[in-house]
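Notes follow the structure.
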Amino acid sequence: MTTVRIPAGPPVPATVEEALAVQDALRGEVILDEPGPPPGTGRVTGVDVAYDDARDVVAAAAVVLDAATLEPLAEATAVGEVAFPYVPGLLAFREIPAVLAALRALPCDPGLVLCDGYGRAHPRRFGLACHLGVLTGLPVLGVAKNPFTFTHEPPAAPRGSASPLLAEDGEEVGRALRTRAGVKPVFVSAGHRVGLDNACAHTLALTPRYRLPETTRRADRLCREALAAATC
């Protein structure tokens with residue numbers, strides 16, 4: 001496994017107002033009219049982030065799996081200092097530098113990327129999955145553990161059941177998806193260059209045994225190990 005330091009790059013926004021302006025500028029670049037790669041083909045990469053608030057350190061992991069077999073192909077981590085404060089709705093600015101560094105350290109193309117977070121299911125319709133997709137040009141989707149601020153009806157109990165995740169104006173911004181029968185759903189949203197139907201299909205293909213996708217489970221474990229080993 002490769003572990004890199006988060007490199008110095010373009011400065012993150014200095015204020016909340018600047019961060020909101022960046023979101024407004026980039027949101028128009030999101031592509032939502034591409035279906036994305038078929039589930040079970042090519043590579044799929046999970047990214048996740050962990051924090052040590054006492055040391056103000058962040059670690060990100062990128063884990064590449066064969067989409068057909070879910071066997072690991074490559075992995076990389078990045079560690080460094082947190083560059084942006086915690087602000088609801090602006091979490092991407094804390095995570096993007098670390099996630100980009102981990103993705104760039106991979107020895108192969110990541111293929112489809114799955115974030116532990118939100119895409120369109122975001123108050124400003126520009127969550128981490130959208131932000132990462134626009135910056136990299138990769139197809140990206142988000143699978144979150146909780147529905148953020150949106151409402152939904154409980155999906156039916158069988159695996160694969162889904163219900164719309166709705167904004168106040170009635171827009172469907174994602175879906176509550178049951179990945180295991182009778183178990184709490186996950187919340188899927190399109191990010192960039194992946195349609196919502198296909199995002200849900202990928203999520204089911206990546207959850208053969210557990211509630212959370214294999215990409216998320218492996219990336220979560222790896223970034224926590226990297227955080228524990230970080231000396232910065």
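The values are calculated or read from the model by the stated rules, or taken from the named source; none is laboratory data. This is a predicted model, so every value here is computed, not measured. Here the Cβ is made from the backbone with ideal geometry for all residues, glycine too, and neighbour counts use every protein chain on show. The protein model used for the area step is the full one, side chains on, heavy atoms only, and it has no ligands, DNA or RNA in it. Shrake-Rupley method; radii C 1.70, N 1.55, O 1.52, S 1.80 Å.
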- Message: Through the Karplus equation 6.51 cos²θ - 1.76 cosθ + 1.60, θ set to phi - 60°, convert the phi angles of segment 56-70 into ³J(HN,Hα) values in whole Hz; use x for Gly and Pro.
- Response: 6, 10, 10, 10, 10, 10, 10, 10, 9, 10, 6, 5, 7, 9, 6
- Message: Compute the distance from the alpha-carbon center of segment 70-117 to that of segment 164-219, in whole Å.
- Response: 19 Å
- Task: Report ³J(HN,Hα) in whole Hz for each residue of segment 19-30, in order, from the Karplus equation J = 6.51 cos²θ - 1.76 cosθ + 1.60 where θ = phi - 60°; Gly and Pro get x.
- Result: 5, 4, 5, 5, 4, 4, 6, 8, 4, x, 8, 5
- Note on the structure: The relative contact order of the chain, taking Cα pairs under 8 Å that sit 6 or more residues apart, comes to a percentage of 24 percent
- Message: Leaving out ligands and nucleic acids, and using a 1.4 Å probe, what accessible area per residue does the chain come to in Å²?
- Response: 44 Å²
- Just the number, please: carbon plus sulfur as a percent of the accessible area of the chain, 1.4 Å probe, no ligands or DNA/RNA counted. 54 percent
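Report the gain in length on full extension from D53 to R159: 0.36 nm times residue separation, minus Cα-Cα distance, nm rounded to one decimal.
Here the answer is 34.5 nm.
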- Message: Positive end of the dipole of the chain, charges at C-beta (+1 Lys, Arg; -1 Asp, Glu), about the Cα centre: which of L91, L196, T216 has its Cα farthest in that direction?
- Response: T216
- Item | Ordering of 135-145, 29-39 by packing [mean C-beta count within 10 Å, highest first] | 135-145, 29-39
- For T149, placing the label point 7 angstrom along Cα-to-beta-carbon and taking segment 121-137, residues whose amide nitrogen sits under 13 Å are 121-127
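Quick one: of the DSSP bridges fully inside the chain, what percent are antiparallel, nearest 5? Spell out each step's value before the answer.
Details: 33 of 44 bridges.
Rounded to the nearest five, the antiparallel share is 75 percent.
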- Task: Can you figure out the FRET efficiency of E18 with D197, using R₀ = 35 Å and their beta-carbon distance, to the nearest 0.05?
- Result: 0.50
- For segment 193-202, just list the computed ³J(HN,Hα) in residue order, Karplus coefficients 6.51, -1.76 and 1.60, θ = phi - 60°, integers in Hz, with x standing in for Gly and Pro. 6, 9, x, 5, 4, 5, 4, 5, 5, 4
- Counting only residues 5 or more places away or on other chains, whose amide H sits under 5 Å from the amide H of E75 once H atoms are built in the peptide plane? T2, V64
